[in-house]
Amino acid sequence: MAPYDSDSSAGEEDDFTETNVLLGYASKDSGDESISRLGGRPEWLDENTPPSAALARCNICKDLMVLLLQLDGELPDRFPGHERRLYVFSCRRKTCRRREGSIRTLRSLRIAPGTEAAAATREKKKAEDEAAIAKQKEEKAAPKPPSNLGETLFGAKTIGSSSGSANPFSTGAGSSNPFSSSNPFSTGTKLESKTTSTPSTTADDIKSLPKTFAETLSLNNDQPTPPPEPWPTVADQPAPYPISYLSEAEYETLDPTPAPTVPQTARLDVDADGSSGGKGGGKEDREVFESSMDAAFQRFADRLAQNPEQAIRYEFGGQPLLYSKTDSVGKLLAPASAGAGVGISIASVVNASTGMPRCGNCGAGRAFEVQMAPHAIAELEADEMSLEGMDWGTVIVGVCERDCQARGVDEGQVGYLEEWAGVQWEELSGSGKRR
Ligand SMILES: [Zn+2]
Ligand SMILES: [Zn+2]
């Protein structure tokens, strides 16, 4: 792993902090990993049930896109009975670069027969339990606390303890194959224990959201479902990137006392301005802007530098690491991570907790699940001779926090839903490319 690990004594290792972010590393050696990978061609949960090819077309040029990431997303503790897979696609055309819609993401789901009935029983019991708890609380006359996304999603400690059983990929203690599809770490259905400590958001609250949302925005009318488009033959598809398997993963460890990082250019400019005086506000505003941009990027770069070969960062319901707080994606997500409120007017289309657009299928909020780190580009483009490669800084994937199924897809069948891909492009201003 990282070079500094090798010369750390056992005592010194206590100085490193483990986070809840699971880092995935790419390797040409598949190990036991058969699903999670960079590049290659997509493999569907059921090869006879591909998504409509329209879902894998660039929104700009309408060409078929190529696969950047395929991820085994099974979370048996959170979504028992759900076979999940995520796909991130990108258009290869240079003319589509830096344009919204040139990178898209899909969530595929197959729900095991009987899951919904079991869930309904659990929901009923949960609602009853919560009603009882809520009643007790109301009797104490406390105002309802704002719902906390983390607690709502996870309950106490479900995924918070990185050393516990919450590792969504773990195949057991000491496993070297954390992305395995078998997920034997599942300890069975524990939804009850997740909810007993989170009375602030009741099942009724959650259930009432989608209806209101769908009715208000007439979502169903926005997207009449066209007939699925068949995939062209492999020969007619664009050439895929080479495959690297995400066969290694480990929780991120950080040096808790990194050197302070102050963007030097910003500080010098401000000092110069202060001594000369009398300058217009425009330049200062720009410098403040650049200073905050640099601070976000510096934080991104410093964090990645501690584990430089990470290809993906995974934490369902966690916080994405922003490449910038000033681009459109950064503006959307940064207020949420800073705890700022979201206006009522957009609360119905944006998940106030994460800043991401709500699920277009069921109206639930979207949760961060995974982001791609720049090192993934080096893996994907290892065989490319061109110097002008992909130029995103990170691709942030947000998914329906309820893991809903596509309409009209029964239990046992495979469905596909487009999810939210927030692409932060490399900064072009100033000193140019930063990679
Ligand atoms: Zn395109
Ligand atoms: Zn949904």
Open item on the list: I want to confirm something. Restricting to the stretch 390-408 and keeping residues that are within 16 Å of ligand 1 (Cβ to nearest atom) and outside any strand (DSSP E or B), which single residue is farthest from residue 329 (Cα to Cα)?
Closed with: 390
- [ ] Please identify the pairs in which a residue from the stretch 358-380 that is over 28 Å from residue 310 (Cβ atoms) and outside any loop (DSSP other than H, G, I, E, B) has its Cβ atom under 8 Å from the Cβ atom of a residue that is of a type in the set (D, E, K, R) and away from ligand 1 (no atom under 16 Å from the Cβ), counting only partners at least 6 apart or on another chain.
- [x] none
TODO: Scan the stretch 99-110 and give yes if some residue there is in a loop (DSSP other than H, G, I, E, B), surrounded by 20 or more Cβ atoms within 10 Å (Cβ to Cβ) and under 18 Å from the mean Cα position of the chain (by Cα), otherwise no.
DONE: yes
- [ ] Using the structure shown, decide if residue 31 is open to solvent by less than 20 Å² (accessible area, probe 1.4 Å) and among the small types (Gly, Ala, Ser).
- [x] no
Open item on the list: Considering only residues that are surrounded by fewer than 23 Cβ atoms within 10 Å (Cβ to Cβ) and among the acidic types (Asp, Glu), which ones fall in the stretch 393-418?
Closed with: 403, 410, 411, 418
- [ ] Being surrounded by 19 or more Cβ atoms within 10 Å (Cβ to Cβ), farther than 16 Å from residue 369 by Cα and small (Gly, Ala, Ser) is the filter here, so list the residues in the stretch 73-98 that pass it.
- [x] 90
Task: Criterion violated by residue 46 - all others in (1) touching an Asp or Glu at 6+ places or on another chain (Cβ under 8 Å); (2) charged (D, E, K, R); (3) open to solvent by less than 50 Å² (accessible area, probe 1.4 Å); (4) assigned to a loop (DSSP other than H, G, I, E, B) satisfied - done: (1)
- [ ] Would you please name the residue that is farthest from ligand 2 (Cβ to nearest atom), looking only at residues in the stretch 44-101 that are touching a strand residue (DSSP E or B) at 6+ places or on another chain (Cβ under 7 Å) and on the phi > 0 side of the Ramachandran plot?
- [x] 98
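Which residue is farthest from ligand 1 (Cβ to nearest atom), if the candidates are limited to the stretch 51-66 and must be closer than 23 Å to residue 404 by Cα and crowded, with 20+ Cβ neighbours inside 10 Å? Can you show your working first?
Applying the first criterion (closer than 23 Å to residue 404 by Cα) to the stretch 51-66 yields 51-57.
Those still in the list that are crowded, with 20+ Cβ neighbours inside 10 Å too: 51, 56.
Values: 51: 18, 56: 11 Å.
Within the stretch 51-66, the match that is farthest from ligand 1 (Cβ to nearest atom) is 51.
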TODO: State all residues of the stretch 361-392 that are open to solvent by 20 Å² or more (accessible area, probe 1.4 Å) and closer than 20 Å to residue 243 by Cβ; if no residue qualifies, say none.
DONE: 374, 375, 378, 379, 381, 382, 383, 384, 385, 386
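The values are calculated or read from the model by the stated rules, or taken from the named source; none is laboratory data. Predicted model only: the values in this text are computed from it and were never measured. Heads up, the Cβs are rebuilt from the backbone with ideal geometry, glycines too, and the neighbour counts pull from every protein chain shown. Remember, those area values only see protein heavy atoms, side chains included, never the ligands or the DNA or RNA. Shrake-Rupley method; radii C 1.70, N 1.55, O 1.52, S 1.80 Å.
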